[in-house]
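Before any comments, here is the structure.
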Amino acid sequence: MAAPSTKAVLLSLVDDVEIITKELFESIASSKQQKATGLGGTEDYHQLTELLVQKDQELKDALNLAGEQAVIQKKIDSLKAESFKRDQDIRKLQQQLKEAEHVLSTAIYQAKQKLISIQKATKNQVPSEELIKYAHRISASNAVAAPLTWQPGDPRRPYPQDIEMRLGFLGRQSDLPINGQMLQAQSQASQGSSLSWQPPPEIAPMVSQVAINQSAMSVDSKGHNKENEGDEVEVMSTDSSSSSSSESG
Amino acid sequence: MAARVTEQEDRLRFQIELEFVQCLANPNYLHFLAQRGFFKDPAFVNYLKYLQYWKDPPYSKYLKYPHCLHFLDLLQYESFRKEIANFQCAKFIDDQQLLQWQHYTRKRIRLLNQQAETNQQQLQQQK
């Protein structure tokens with residue numbers, strides 16, 4: 001702002017008026033003392049009065065300007081207040097938008113997870129009947145939960161045991177001795193330890209043979225495995241064999 | 001004639017692999033296999049990898065001991081294959097498995113009760 005402010009202009013004008021008025025009064029006072037001069041005094045008065053009137057006009061203009069500027073200033077203030085209000089509204093909206101974004105993103109995340117599980121479910125459809133049948137099968141043979149009467153020391157276990165392995169197809173493949181005597185002698189000779197579980201030395205080499213020969217065969221669907229499992233169950237526990245054998249029949 | 005022979009072979013192979021993958025549920029057997037050094041044989045490790053097809057629903061429905069699949073997963077890691085050769089480790093796993101097996105019925109009843117209680121509380125809150 002190179003131009004002087006309205007306030008400064010007004011003040012300088014008031015100063016000017018003051019000086020001129022003083023001058024006027026002084027000249028009036030001095031003119032009383034020297035009445036003789038006469039004409040020269042009126043000339044002086046005239047000039048000073050004109051100057052005073054001019055300054056008064058300027059003062060009025062400046063006051064008008066100041067009034068206009070005051071109106072404009074009021075407008076500016078009100079606009080500023082308005083913009084401040086709007087800013088706060090915007091900030092509030094922003095916050096709400098952020099909250100909404102957060103809520104939506106969590107919703108999308110959950111929905112995506114749901115979609116994934118839905119896709120998984122449609123891909124691997126399992127009929128409920130089959131599921132129930134399976135549940136019956138694994139619980140009837142006490143494969144996942146111990147019978148209620150089970151006590152420490154009971155030989156039943158949640159996995160196939162030595163004798164079952166021998167009776168199974170793996171054992172029959174390599175003609176394992178099913179009666180335990182020969183086996184016991186063997187394991188005592190080879191191990192001589194206090195293991196409660198006697199490892200069948202013949203199963204393992206045979207298994208690796210299977211692994212090597214696997215390329216010669218291809219996977220078949222359901223075989224006579226139920227019958228086979230029935231055997232295992234009978235060995236494992238007597239109370240569950242009835243339910244399993246009725247299923248395989 | 002040839003077709004029937006291959007079908008029989010396929011059937012036998014299915015049964016053998018079904019049996020073997022379930023034998024993996026027996027920590028003592030795993031310990032035995034580890035001690036005999038079978039887990040160091042790359043062909044055998046490959047076979048364990050191949051056996052993972054039992055995790056597919058069409059096959060897994062024939063498993064009587066479903067937790068054998070967990071052991072199958074563990075056997076994919078070399079650290080587990082090494083560690084199971086330790087008798088203490090095998091014994092610990094066996095004990096834990098037995099304890100879980102023994103207490104599973106009670107544990108499940110407790111879980112069901114808890115769930116039922118929370119459901120009831122939710123219903124009451126909704127009212």
Residues in segment B:60-77 that are modelled with pLDDT of 90 or more and not in a loop (DSSP other than H, G, I, E, B) total 8
Give the number of residues within segment A:132-163 that are within 9 Å of chain B (Cβ to nearest Cβ) and under 29 Å from B:L12 (Cβ atoms). 14
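Could you tell me whether any residue of segment B:86-94 is under 23 Å from A:A140 (Cβ atoms) and either part of a loop (DSSP other than H, G, I, E, B) or at pLDDT 90 or above (or both)? Full working, then the answer.
Narrowing segment B:86-94 to residues under 23 Å from A:A140 (Cβ atoms): none.
No, segment B:86-94 contains no residue that is under 23 Å from A:A140 (Cβ atoms) and either part of a loop (DSSP other than H, G, I, E, B) or at pLDDT 90 or above (or both).
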Tell me which residues, restricted to segment A:116-130, are more than 9 Å from every other protein chain (Cβ to nearest Cβ) and open to solvent by less than 100 Å² (accessible area, probe 1.4 Å). A:S117, A:I118, A:A121, A:T122, A:P127, A:S128
Residues (open to solvent by 10 Å² or more (accessible area, probe 1.4 Å), in contact (Cβ under 8 Å) with a residue 24 or more places away in the chain and facing chain A (nearest Cβ under 7 Å)) located in segment B:23-57: B:N28
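The values are calculated or read from the model by the stated rules, or taken from the named source; none is laboratory data. These figures come from a predicted structure and were not determined experimentally. Please note: Cβ atoms are built from the backbone with ideal geometry, for glycine as well, and neighbour counts cover all protein chains shown. Heavy atoms of the whole protein, side chains included, go into the accessibility calculation; ligands, DNA and RNA do not. Shrake-Rupley method; radii C 1.70, N 1.55, O 1.52, S 1.80 Å.
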